[in-house]
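Chemist: Let me begin by handing over the structure; questions about it come next.
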Amino acid sequence: MPELPEVETVCRGLENALLDDVFTEISLRRKNLRFPFPDGFTDALTGKKITRIYRRAKYILLTLEDGTVMIGHLGMTGSFRIDKGKLIEPDKHDHVIFETLNGLTVRYHDPRRFGFMMLSSNDTLDSHPQLAGIGPEPLGNSFNGPELAIRLKDRKAPIKAALLDQKVVAGVGNIYACEALFRSRISPKRKSHTIKGKRAQDLAGSVREVLEEAIASGGSTLRNYSQTSGELGYFQHRFQVYDQEGKDCPNDSCNGQIKRLVQSGRSTFYCPKCQR
């Protein structure tokens, strides 16, 4: 599933192409994705100027001039592709086609159809069921060591599981949780409530650092993810522990090996020798 860096990269691509443009025609090529499209979906967007496109956690938020907000989620295999001119022959997995006043065609492509699109408004966005209760943005000023420690102080779950909880921190997924824990030398099995002081500061810094590096690399392409231009991300070539089972630990001062364990049904990769 695309994580924060991939969604941020998609948002930036959409913003660069669509800001201040107007949707002139929207074609729904099926009645639903993960969920049915809202009633009046196309009417709510057609003829409206796009005033802002940004990310909250793993959600794409597209705001129109009248305050309508389209909430989008890529699911497992969703992607947006931007082309100039009218689309002649859509792919069978191109489920939504957006056309704009500036002559662009934006295709939403999703083979497994786990993504979705919903409608909200600026005034009610924070209370929308998909967004209510989400934790701080890890790239924002409100995310730091003390804030992370506060959110973890009563939690006995392993820290890896806590990082995946969107109420603790927004948008962090499996890949970047593994990478951040390695950089901060914290075991994924450590109890969350023990992360405080310097440990919390180091972990918050590592989360921010790895996400910023991944965004600069266009995200990570493991299966289906691509940018709006069709270009692939390449941060996967810089993974230090994720999917590196059996390889030597990249930490020069350690002669351990990367191990894999399963936590909450997901693979965790770490070095048991230097992560404590």
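Chemist: So how much slack lies between Glu65 and Leu19, counting 0.36 nm per residue of separation and subtracting their Cα-Cα distance, in nm?
Modeler: Going from the current span to full extension adds 15.5 nm.
Chemist: Starting from the Cα of Lys84, draw a straight line to each of the aspartates and glutamates and keep only those under 12 Å, dropping any in the same chain fewer than 8 residues away.
Modeler: Cross-link targets: Glu99.
Chemist: Next question. Please find, in a Gaussian network model of the chain (springs between Cα atoms separated by less than 10 Å), the residue of Pro36, Pro138, Pro146 whose mean-square fluctuation is greatest.
Modeler: Pro36
Chemist: Now for a different question. Which of Phe235, Phe98, Phe35 ends up with the largest GNM mean-square fluctuation for the chain, with Cα atoms connected below 10 Å?
Modeler: Fluctuation is largest for Phe35.
Chemist: At what distance in angstrom do the alpha carbon centres of the range 117-182 and the range 1-35 lie from each other?
Modeler: When both Cα centres are located, 22 Å separates them.
Chemist: Set the Förster distance to 35 Å, then compute FRET efficiency between Arg34 and Ile150 from the Cβ-Cβ distance, nearest 0.05.
Modeler: 0.60
Chemist: Another question, if that's okay. Provide the gained length on full extension for the span Leu232 to Glu209, in nm with one decimal, where the gain is 0.36 nm per separating residue minus the Cα-Cα distance.
Modeler: Here the segment from Leu232 to Glu209 would lengthen by 6.2 nm.
Chemist: Hey, another quick one. Could you name the lysines whose alpha carbon sits less than 16 Å from that of Lys273, not counting residues in the same chain fewer than 8 places away?
Modeler: By straight Cα distance, Lys273 reaches Lys189, Lys247, Lys259.
Chemist: Each residue of the range 5-11 in order: what ³J(HN,Hα) in whole Hz does its phi give by Karplus 6.51 cos²θ - 1.76 cosθ + 1.60, θ = phi - 60°, with x for Gly and Pro?
Modeler: These are the phi-based 3J(HN,Hα) values: x, 5, 5, 4, 5, 5, 4 Hz.
Chemist: Please report the relative contact order for the range 4-127, taking Cα pairs under 8 Å with a sequence separation of at least 6, and give it as a percent rounded to a whole number.
Modeler: Relative contact order for the range 4-127 comes out at 30 percent.
Chemist: A further question on this structure: Could you work out how much longer the chain between Leu119 and Thr46 gets when fully extended? Use 0.36 nm per residue separation minus the Cα distance between them, nm to one decimal.
Modeler: Net length gain for the segment: 25.0 nm.
Chemist: Moving to a separate point now. Nearest 10 degrees is fine. How inclined is helix 197-216 to the longest principal axis of the chain, computing both from alpha carbons?
Modeler: 40
Chemist: Then there's this: Please find, in a Gaussian network model of the chain (springs between Cα atoms separated by less than 10 Å), the residue of Ala149, Ala57, Ala216 whose mean-square fluctuation is greatest.
Modeler: Of Ala149, Ala57, Ala216, the most mobile in the Gaussian network model is Ala216.
Chemist: So what are the radius of gyration and Dmax for the Cα set of the chain, in Å?
Modeler: Gyration radius and largest Cα-Cα distance of the chain: 19.9, 61 Å.
Chemist: What does the charge add up to near Lys49, with Lys and Arg as +1, Asp and Glu as -1, over the other residues with Cβ less than 10 Å from its Cβ?
Modeler: So the surrounding residues net to -3.
Chemist: With each label point set 7 Å from Cα along the Cα-Cβ vector, what nm distance links Val262 and Arg276?
Modeler: That separation, rounded to one decimal, is 3.1 nm.
Chemist: Sum up the charges of everything whose Cβ sits under 9 Å from the Cβ of Lys160, counting Lys and Arg as +1 and Asp and Glu as -1, but leave Lys160 out.
Modeler: Net charge in that neighbourhood comes out at +3.
Here, each number is a calculation from the coordinates, and none is a lab measurement. It should be emphasised that the depicted structure is a prediction, and the values quoted were computed from it without experimental measurement. Cβ coordinates were reconstructed from backbone atoms using ideal geometry, including for glycine residues, and neighbour counts include every protein chain displayed.
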